[in-house]
1. How large is ³J(HN,Hα) for each residue in the stretch 249-257, as worked out from phi by the Karplus curve 6.51 cos²θ - 1.76 cosθ + 1.60 (θ = phi - 60°), to whole Hz, x for Gly and Pro?
2. To the nearest 20 debye, what is the magnitude of the charge dipole of the stretch 5-209 about its Cα centre, counting +1 on the Cβ of each Lys and Arg and -1 on the Cβ of each Asp and Glu?
3. Under a plain spin-label model, where a point goes 7 Å from the Cα along Cα-to-Cβ, how far apart in nm are Arg476 and Thr85?
4. Under 5 Å between amide H atoms, partner at least 5 residues away or on a different chain: which partners does Val494 have, H built in plane at 1.01 Å?
5. Under unit Cβ charges (Lys, Arg +1; Asp, Glu -1), what dipole magnitude, rounded to 20 debye, does the stretch 339-493 have relative to its Cα centre?
6. Starting from the Cα of Leu59, step 7 Å along the direction of its Cβ; do the same at Thr14; then give the gap between the two resulting points in nm.
7. In the stretch 5-209, with Lys and Arg counted as +1 and Asp and Glu as -1 at Cβ, which of these residues, Thr58, Phe15, Asn180, has the Cα nearest the positive end of the dipole, that is, farthest along it?
8. Full extension from Met439 to Glu215: what is 0.36 nm times the residue separation minus their Cα-Cα distance, to one decimal in nm?
Amino acid sequence: MQMTSERKLPLILTFVFLMLAVIGLLFYQSTVSLQEAIAWEKHAQDVTLKLENTMTLTLDAEAEMRGFIITGNTTYLEQFERSKTAVFANLSEIRALVSASRAQLEELANLESSLGRFWDVAFQKIERRKQGGFDAGLNELSMQETKAAADQARASIERMKSAEAFVLQARNNRFSQNLNWAIRILIIATVAGVLALVAANFLVWREGKRRSAAERALIESNKELESRIAERTVELSTANASLQAVAAERESLLMNEQAARREAEIANRLRDEFMATVSHELRTPLNSILGWARLMKNGTLSEEQSVKAVRTIIKNSETQNRLIEDLLDVARIISGKLELDLRPIKIADAVRDAIEIVRPDSTEKNISINCTVEPDCLDVEVLGDANRLGQVFSNLLTNAIKFSSENGMVDVTVSRGGDKVDVTVKDTGVGISQAFLPMVFERFRQDVGTDSNKSGLGLGLAIVRNLVELHGGTARASSDGENEGATFMVSLPVIIK
């Protein structure tokens with residue numbers, strides 16, 4: 001059964017990867033062999049250098065011994081001792097280097113024996129020179145005994161060097177043979193891999209050519225079908241577009257109807273809430289006025305009660321008047337019909353006048369109002385409507401007194417901030433919840449967390465913000481939370497003189 005290209009190609013690629021693995025293994029083995037060859041080369045060099053250095057030190061020791069015998073100078077003995085120490089150190093290092101070779105260890109033992117005889121003869125000559133003096137030393141100048149020991153040591157060293165060279169040469173020959181085999185196998189594997197890749201490319205090319213021919217035939221056979229589908233698609237697209245247009249129009253109408261219904265529901269709800277709130281706020285002082293007025297009409301009140309009745313009627317009348325004025329102001333602001341009589345006004349005087357206006361309310365609740373005007377603000381003027389700015393500050397102060405408990409405190413500060421003047425009203429009242437704080441300046445808004453006895457239309461702060469913005473300023477509010485008091489700041493542009 002003939003294999004298809006789809007089955008041949010994976011086999012060829014597997015063979016190529018196998019060749020790459022063989023090449024990688026050969027490279028690894030060659031690298032390891034090269035490292036071993038370098039290590040043995042260094043080992044042989046170290047042994048040879050140590051042996052040559054040992055022979056050199058031995059000859060130096062012989063010369064130093066002769067120098068002492070001739071001159072009697074002990075400096076030669078010091079150098080002789082250093083040479084002896086260095087020789088024995090070299091022998092220890094050589095033993096460590098050749099510890100793996102039994103033959104070298106035996107030859108090293110011969111070398112140590114020869115050097116031992118050399119040192120024994122040398123010490124004997126030195127001792128006789130020390131005891132007999134120069135005359136005795138002349139008899140010791142004969143070097144036959146030490147020369148014989150040195151020659152034996154030299155012969156041992158040469159044999160050890162030859163053995164190291166022989167072992168190194170054998171290892172180099174073996175490394176060369178392994179390297180040659182690795183190169184041959186590498187060449188064969190490379191050629192085989194290249195041929196396999198060529199075969200794989202040929203299979204891919206042939207398969208691609210076959211598929212291209214099949215695709216061209218399929219394209220030719222589908223041209224008529226595609227033409228029919230295209231015509232039908234155009235017809236369906238036209239019909240679909242018409243249906244989508246109708247659906248979109250209906251959806252738009254439905255969304256508009258739903259939006260209008262929602263807006264109407266919201267408007268009705270807001271209207272009902274507004275009417276209920278306005279009715280309640282207007283009826284509350286009116287009921288009180290009517291109640292006290294009927295009692296006065298009946299003449300059943302005492303003089304003290306009559307005074308209280310008149311005071312209550314006046315207070316509730318003023319409350320009702322403020323509610324009506326607030327509603328009218330909001331209506332003017334919304335319609336854009338609120339006109340300002342702009343004139344230069346000393347801001348400090350406007351603040352003090354507002355404090356005096358609310359003084360009776362603060363006195364009634366025993367709330368102290370502290371006013372601080374910074375020295376650089378005493379003569380600061382703003383371009384504004386005196387009545388409307390007085391209304392702004394009065395509303396802020398009234399609001400602070402309204403939401404402060406008895407014996408509370410309200411701090412008013414007038415300060416300069418660049419090209420603006422800031423009026424800050426800070427109270428110790430019920431504070432503002434963090435959830436309501438962003439909505440505090442909106443119309444008809446009341447914090448649900450505040451005391452219901454202090455309810456109102458929620459217009460005072462909205463009027464403050466609108467009037468301040470009409471003067472080119474800003475109004476801000478801050479609070480650390482409920483029962484933490486509140487701070488209101490009005491910033492107005494000053495007149496630069």
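1. Using θ = phi - 60°, the values come out as 5, 5, 5, 5, 4, 5, 5, 4, 5 Hz.
2. 1060 debye
3. Distance between the two pseudo-spin positions: 8.6 nm.
4. Under 5 Å from the amide H of Val494: Lys420, Val421.
5. 260 debye
6. Output for this residue pair reads 6.9 nm.
7. Farthest towards the positive pole: Phe15.
8. 73.7 nm
Each value in this text was obtained by applying a stated rule to the coordinates, not by laboratory testing. All figures in this text were calculated on a predicted structure; none of them were measured in a lab. Methodologically, a virtual Cβ is constructed for each residue, glycine included, from the backbone with ideal geometry; neighbour enumeration extends over all protein chains shown.
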